[in-house]
């Protein structure tokens, strides 16, 4: 595979990053996690998904205990960006000029 093809493929797959920005998307995010149990998500620490400003987010595995909440608690009170592949999510965040920290609990 050529370098150009690899870069093109990476850009195409980045468009598959799913954003969950509102509490009303809670069930949609839970469904995504169920369907992508080996996936990853970024939890925004500063409001950058919406504002497109430089910010920070923490990366988690879908299986992370941080989201093992009760069924009644909202999981999308902070915005989430999600993708099945960790490297795609990292590249997406860096391309959008953001800093990522890794969860010390799930160690993605």
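The values are calculated or read from the model by the stated rules, or taken from the named source; none is laboratory data. Keep in mind that this is a model prediction, so the values were computed, not measured. Cβ sites come from the backbone with ideal geometry, for glycine too, and all protein chains shown count toward neighbours.
Here are a few things to note about the model shown:
- The stretch 14-62, residues that are exposed (fewer than 12 other Cβ atoms within 10 Å of the Cβ), closer than 12 Å to residue 82 by Cα and either in contact with a strand residue (DSSP E or B) (Cβ under 9 Å, 6 or more places away or on another chain) or at pLDDT below 80 (or both): 15, 38
- Only a single criterion out of (1) at pLDDT 90 or above; (2) within 12 Å of the chain's Cα centre (by Cα) is not satisfied by residue 100, namely (1).
- One residue from 66, 91 being outside any loop (DSSP other than H, G, I, E, B) and either loosely packed, with under 15 Cβ neighbours inside 10 Å or at pLDDT below 80 (or both): 66
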